[in-house]
Amino acid sequence: MTKPLKQSNSSYNAQRFAKHANSLLYGVVNAIRAIPTMYGYAVIIFSHHAFADFMPALSKLVIFSSAVHQVMFTLMSTMPFAIGQVQDAGLIFLSAMATSICNSLGDDVSPEAKVATTIVTIGIATASLGVCLVVMGRFKLAALTSYLPMPVIGGYLAFIGVFCLYAGLALSTGLVINDFSSMIDMFHDTHNILLCVPGFLGGAILLVVSQNFKNPFALSTAIMVMPVFFFLVLAIGSISLDEARQDGWVDPVEKTASISELVNLFDFDLVHWDQIPNQIVTWIGMVFIVAISSSLDVVAIEIDMGTKLDINHELKTVGWSNVV
């Protein structure tokens, strides 16, 4: 009787170890996918030229926000595989707020004041958005999204796509590209077009991989291979990293932002509080769009899993992650 029991315990421990190892591996895979995306999101949100000198700290702020989202999703979501990160739907409105604040304050206000005003405003907007989502989930209002016409949803998805396009072009060229006119101006320089070619090719490759390979490791492998291939081309062409930086293929070396620098961004003495009411209309739009996109995400997972999920509970999860 003792021997089968020991074998059973050994088998159970082996299964637990395999499960944890598998979860850790999937976590690494998702990190490979998500972290570069977060840097892209930071470029979208803080696309105004006033933020250029603060991007190392602001990028860390976005990544930290994603970490908080993931912790809240892990603790509260009914889906054990739930991935929490900064939403693509909301960042469009955060970008609009940031740009609006910088334009409104003008050139007479210091960049430090613009940064402080922007991140405090965004923080307040995000927290209040979270409260609204929690209330909507508490009173089971998520089902209202089913009454939205498909052209509205399609337009919202297209709007996100345009901003992602701007961010990709900005990352490729190092220029500030946040509207159609700045995008057209970029194409006036042949070198800028050349810098964008690898981005377009890389995007096309990732699209093909994601559509033709169901294995979750395929896309992550493709993402990892791309920079390896890039540096391999540099080595074959005997091109140094400094030369690549001079030609715009690699970002200039910047000092890493410390935690103290990140905290110092929140200088409440520099905040122009009169700018916050000006963002109410944008905030209202953000509340509706994030509520819609969050609900649609859950519906898509329902369809994929073939299992009914509690959309209102998941909406509350999104809400609390934004509040925190």
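Taken together, the values in this text are just the output of simple stated rules run on the coordinates, not laboratory data. Everything numeric in this text was worked out from a predicted model, so none of it was measured. Note that we place each Cβ from the backbone using ideal geometry, even for glycine, and neighbour counts take in every protein chain shown.
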If neighbour count is taken as other Cβ atoms inside 10 Å, put Met186, Met150 in order from fewest to most.
Met150, Met186
Please list, in order, the residues from region 230-270 whose amide nitrogen is less than 17 Å from a point placed 7 Å along the Cα→Cβ vector of His191.
240-253
For the pair His313 and Val253, the simple spin-label estimate (label points 7 Å beyond Cα toward Cβ) gives in nm 5.2
Cross-link table Lys60/Lys214; Lys214/Lys308; Lys19/Lys214; Lys19/Lys316; Lys60/Lys316, entries beyond 30 Å C-alpha to C-alpha
Lys60/Lys214
Across region 55-61, in residue order, what do the Karplus-derived ³J(HN,Hα) couplings come to in whole Hz, using 6.51 cos²θ - 1.76 cosθ + 1.60 with θ = phi - 60° and x for Gly and Pro?
4, x, 6, 5, 5, 5, 5
So what is the calculated 222 nm ellipticity per residue for the chain, using -39500 (n - 2.57) for each DSSP H run with n of 4 or more, over all residues, to the nearest 500 deg cm²/dmol?
-25500 deg cm²/dmol
Is region 210-323 rounded, prolate or oblate when judged by the Cα gyration tensor, a ≥ b ≥ c being the square roots of its eigenvalues, rounded requiring a/c under 1.5 and prolate requiring a/b larger than b/c?
oblate
Listed peptides 282-294, 255-267 by packing density, highest first (mean Cβ within 10 Å):
282-294, 255-267
Calculated FRET value between Val71 and Ile303, using beta carbons and R₀ = 25 Å, to 0.05:
0.40
Charges on Cβ only, +1 for Lys and Arg, -1 for Asp and Glu, centred on the Cα centroid of the chain; of Ala82, Met286, Leu206, which one is farthest towards the dipole's positive end?
Ala82
For the chain, set up a GNM with springs between Cα atoms under 10 Å and report which of Arg33, Arg16, Arg245 has the largest fluctuation.
Arg16
Connecting C-alpha atoms closer than 10 Å in a GNM of the chain, tell me which of Ile205, Ile236, Ile32 has the biggest fluctuation.
Ile236
Rounded, prolate or oblate for region 106-216? Axes are the square roots of the Cα gyration tensor eigenvalues, ordered a ≥ b ≥ c, and the cut-off for rounded is a/c under 1.5.
oblate
Highest-MSF residue in the chain out of His272, His313, His20 [GNM, Cα springs under 10 Å]
His20
Which entry in (1) 45; (2) 29; (3) 32 matches percent of Cα pairs over 34 Å apart derived from the coordinates of this structure?
(3)
